[in-house]
1. Order these by the 10 Å Cβ neighbour count, fewest first: 142, 190.
2. What ranking do 131, 197 get, fewest neighbouring Cβ atoms within 10 angstrom at the top?
3. Which order do 122, 112 fall in if you start with the one that has the fewest other Cβ atoms within 10 Å?
4. Between residue 106 and residue 234, what is the label-to-label distance in nm when each label sits 7 Å out along the Cα-to-Cβ direction?
5. Under a plain spin-label model, where a point goes 7 Å from the Cα along Cα-to-Cβ, how far apart in nm are residue 30 and residue 147?
6. Between region 25-78 and region 245-262, how far is it from one alpha carbon centroid to the other, in angstrom?
7. Please work out how much length the chain gains when fully extended from residue 75 to residue 131, using 0.36 nm per residue of separation minus the C-alpha to C-alpha distance, in nm with one decimal.
8. Test of understanding: what is the full-extension gain from residue 122 to residue 140, defined as 0.36 nm times their sequence separation minus their Cα-Cα distance?
């Protein structure tokens with residue numbers, strides 16, 4: 001494949017970098033080539049764009065990765081690999097390791113984070129689990145034994161069409177899961193999306209897999225945080241970057257969208273939240 005043909009991942013990155021102004025945005029032509037437009041019929045050429053991509057003499061992106069984000073002095077700050085080479089199997093979660101620093105004009109936080117993954121195993125790996133298998137989770141110091149063979153979960157959803165048996169629900173596969181137990185008798189439920197600990201009091205705690213630490217990202221102070229899914233809580237960006245868990249979309253190492261997450265709240269006793277929202281006990285400072 002020609003390198004100028006945009007991959008899905010690169011296209012997603014460029015889509016995030018598009019300006020909100022009428023004549024400063026990436027635009028793709030009928031042949032799949034990308035130009036950074038500065039007017040209706042004008043574009044940058046033979047230079048780096050502000051988001052660090054090289055465009056040739058004809059204005060076409062050369063297909064290479066960005067070198068970083070352009071600074072006020074014209075230099076480019078290199079992007080950091082926020083995963084530090086570690087694959088993310090599920091959802092990527094950030095937690096700041098201390099007080100975020102704000103720049104002199106109060107426009108940007110510099111945040112040093114630990115990066116977590118919500119997943120410990122792929123769907124195929126969970127599916128392959130058999131009763132008695134011993135599973136190691138070295139990232140969190142856990143060894144557990146499979147209590148049963150992995151089984152497929154079924155998700156029931158309301159259906160407008162009544163089945164022949166009168167059932168008003170439709171069922172679909174929710175993936176595989178396996179129940180585990182450690183040497184202390186603690187129970188765990190493992191799926192491809194998460195590892196959930198079930199205490200003796202039947203409280204539910206979702207565990208996160210740390211994949212990188214000391215990672216520096218940059219969060220605009222004006223960037224509004226999105227509300228945590230499944231909760232009525234809203235946390236300001238300032239609080240999120242000062243010791244709480246959050247999700248983020250990034251252009252390189254600069255946040256373009258930040259989202260509050262349920263890992264900041266104890267939802268284990270809130271009946272109005274379903275199982276998927278039961279991520280309790282991961283409170284700020286823990």
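1. Numbers: 142 17, 190 25.
Lowest count first: 142, 190.
2. Values: 131 12, 197 20.
Going from least to most buried by this count: 131, 197.
3. Values: 122 13, 112 16.
Ascending Cβ contact count within 10 Å gives the list 122, 112.
4. 2.1
5. 6.3
6. Their Cα centres are 24 Å away from one another.
7. Details: separation 56, 0.36 × 56 = 20.16 nm, distance 5.71 nm.
Length difference between fully extended and current span is 14.4 nm.
8. Numbers: separation 18, 0.36 × 18 = 6.48 nm, distance 1.73 nm.
Here the segment from residue 122 to residue 140 would lengthen by 4.7 nm.
No lab work stands behind these numbers, since they all come straight from the coordinates. On a predicted model such as this, the values are computed, not experimentally measured, just so you know. With ideal geometry, Cβ positions are generated from the backbone for all residues, glycine too; neighbour counts draw on all protein chains shown.
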